[in-house]
Amino acid sequence: MKMQPKCPRVIAKPRTGLHWQRFSPFLCNLFLAIGYIALLFYALVWKAGNIVDFPTKRIGFYNFCLWDQEAEKLNCSKNLEKMGINKIALLLSRICVYTTPVLCLFVASTVLQALCLKDRNGFKLACIVLAVSNLILPVGVALFIFHTEKWVRVSEFGEVFVALGGAHVLMLLHLTLFLAHFKATLPKGQCFPA
């Protein structure tokens, strides 16, 4: 009689989802960070922060140009106080809006480092900085729009406004992802990270 070697009847399934599960948080954080940083740089650097950009009107964080009927060209005003625009409010809006991309670059690098090193304190720091960025971007845009409301209509908002809004939505989504990560890792009954 021939003896057959015993083979296990259960064959192990290949682990195809293991790599995806391990890199999923990394990729999700990376894509969100790249998304809002790209939108911010497009709006504030490439398009120079011009909320309204028409051939007859260009109004942005650093430009205030209105159409001059006599000269038949755009006339960029340097004396904004004569026009009734508060320089302090304009300066605060610039600071708030243009600080956001810098903070977002810091958040992206901190998150990637925290994911690679599994550093919980890095996540906390990134979460705080992202929350500050989520606050100062809409405050800066609102300050600017509020103080230029005589010359800017909602129907005239261009792609810069849409890009800033999209960046804010992506930052809120990223912050929500952070908070979900913290909630999943907290001990039961604890509301805030220790």
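The values are calculated or read from the model by the stated rules, or taken from the named source; none is laboratory data. In this text, all values refer to a predicted model and were calculated from it rather than measured experimentally. All Cβ positions, glycine included, derive from the backbone under ideal geometry; neighbour counts span all protein chains shown.
Being farther than 16 Å from Tyr98 by Cβ and either in contact with a Ser or Thr (Cβ under 8 Å, 6 or more places away or on another chain) or outside any helix (DSSP H, G or I) (or both) is the filter here, so list the residues in the stretch 144-159 that pass it.
Matches in the stretch 144-159: His147, Thr148, Glu149, Lys150, Trp151, Val152, Arg153, Phe157, Gly158.
So Cys104 passes all but one of these: (1) at pLDDT below 90; (2) closer than 16 Å to Leu137 by Cα. Which condition number does it fail?
(1)
Pull up the stretch 86-143, narrow it to residues that are of a type in the set (D, E, K, R) and assigned to a helix (DSSP H, G or I), then point me to the one that is farthest from Leu177 (Cα to Cα).
Restricting attention to the stretch 86-143, the residues satisfying the condition of being of a type in the set (D, E, K, R) are 87, 94, 118-120, 124.
Next, from what is left, pick out any that are assigned to a helix (DSSP H, G or I): 87, 94, 120, 124.
On the way: Lys87: 37, Arg94: 28, Arg120: 14, Lys124: 13 Å.
Checking each candidate, the answer is Lys87.
Is there any pair with a first residue in the stretch 94-106 that is in contact (Cβ under 8 Å) with a residue 60 or more places away in the chain and among the aliphatic types (A, V, I, L, M) and a second that is crowded, with 17+ Cβ neighbours inside 10 Å and assigned to a helix (DSSP H, G or I) whose Cβ atoms are under 6 Å apart and which are 6 or more apart or on different chains, and what are they?
Val97/Gly140
Limited to the stretch 117-133, what total is found for residues that are of a type outside the set (Phe, Trp, Tyr) and touching a residue at least 12 places away in the same chain (Cβ under 8 Å)?
Pass one, the stretch 117-133, residues of a type outside the set (Phe, Trp, Tyr): 117-122, 124-133.
Applying the additional criterion that residues be touching a residue at least 12 places away in the same chain (Cβ under 8 Å) yields 120, 122, 124-127, 129-133.
Of the residues in the stretch 117-133, 11 are of a type outside the set (Phe, Trp, Tyr) and touching a residue at least 12 places away in the same chain (Cβ under 8 Å).
Residue-by-condition table, conditions (1) at pLDDT 90 or above; (2) aliphatic (A, V, I, L, M); (3) within 30 Å of Asn121 (Cα to Cα); (4) out of contact with any helix residue (DSSP H, G or I) (no Cβ under 7 Å at 6 or more places or on another chain):
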{"residue": "Leu39", "(1), (2), (3), (4)": "yes, yes, yes, no"}
{"residue": "Trp67", "(1), (2), (3), (4)": "no, no, no, yes"}
{"residue": "Met83", "(1), (2), (3), (4)": "no, yes, no, yes"}
{"residue": "Leu90", "(1), (2), (3), (4)": "yes, yes, no, no"}
{"residue": "Val97", "(1), (2), (3), (4)": "yes, yes, yes, no"}
{"residue": "Thr100", "(1), (2), (3), (4)": "yes, no, yes, no"}
{"residue": "Ser109", "(1), (2), (3), (4)": "no, no, yes, yes"}
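Residues checked against (1) in contact with an Asp or Glu (Cβ under 9 Å, 6 or more places away or on another chain); (2) surrounded by fewer than 16 Cβ atoms within 10 Å (Cβ to Cβ); (3) more than 21 Å from Glu159 (Cα to Cα):
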{"residue": "Ala43", "(1), (2), (3)": "yes, no, no"}
{"residue": "Lys47", "(1), (2), (3)": "yes, no, no"}
{"residue": "Asp53", "(1), (2), (3)": "yes, no, no"}
{"residue": "Lys57", "(1), (2), (3)": "yes, no, no"}
{"residue": "Phe61", "(1), (2), (3)": "no, no, no"}
{"residue": "Leu74", "(1), (2), (3)": "yes, yes, no"}
{"residue": "Thr99", "(1), (2), (3)": "no, yes, no"}
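Based on what the data block shows, is Leu135 at pLDDT below 95 and aliphatic (A, V, I, L, M)?
Numbers: at pLDDT below 95: no; aliphatic (A, V, I, L, M): yes.
Taking the combined requirement at face value, the residue does not satisfy it.
Considering only residues that are surrounded by fewer than 15 Cβ atoms within 10 Å (Cβ to Cβ) and among the basic types (Lys, Arg), which ones fall in the stretch 107-137?
Lys118, Arg120
For the stretch 53-85, name all the residues that are outside any loop (DSSP other than H, G, I, E, B), among the aromatic types (Phe, Trp, Tyr) and within 29 Å of the chain's Cα centre (by Cα).
Here is the first cut: in the stretch 53-85, the ones outside any loop (DSSP other than H, G, I, E, B) are 53-54, 57-60, 64-68, 73-76.
Adding the requirement that they be among the aromatic types (Phe, Trp, Tyr) leaves 54, 64, 67.
Hits for the stretch 53-85 are Phe54, Phe64.
With the condition kept exactly as written, say whether any residue in the stretch 174-192 is at pLDDT 90 or above, in contact with a helix residue (DSSP H, G or I) (Cβ under 7 Å, 6 or more places away or on another chain), of a type outside the set (Gly, Ala, Ser) and within 26 Å of Thr99 (Cα to Cα).
Yes: one or more hits.
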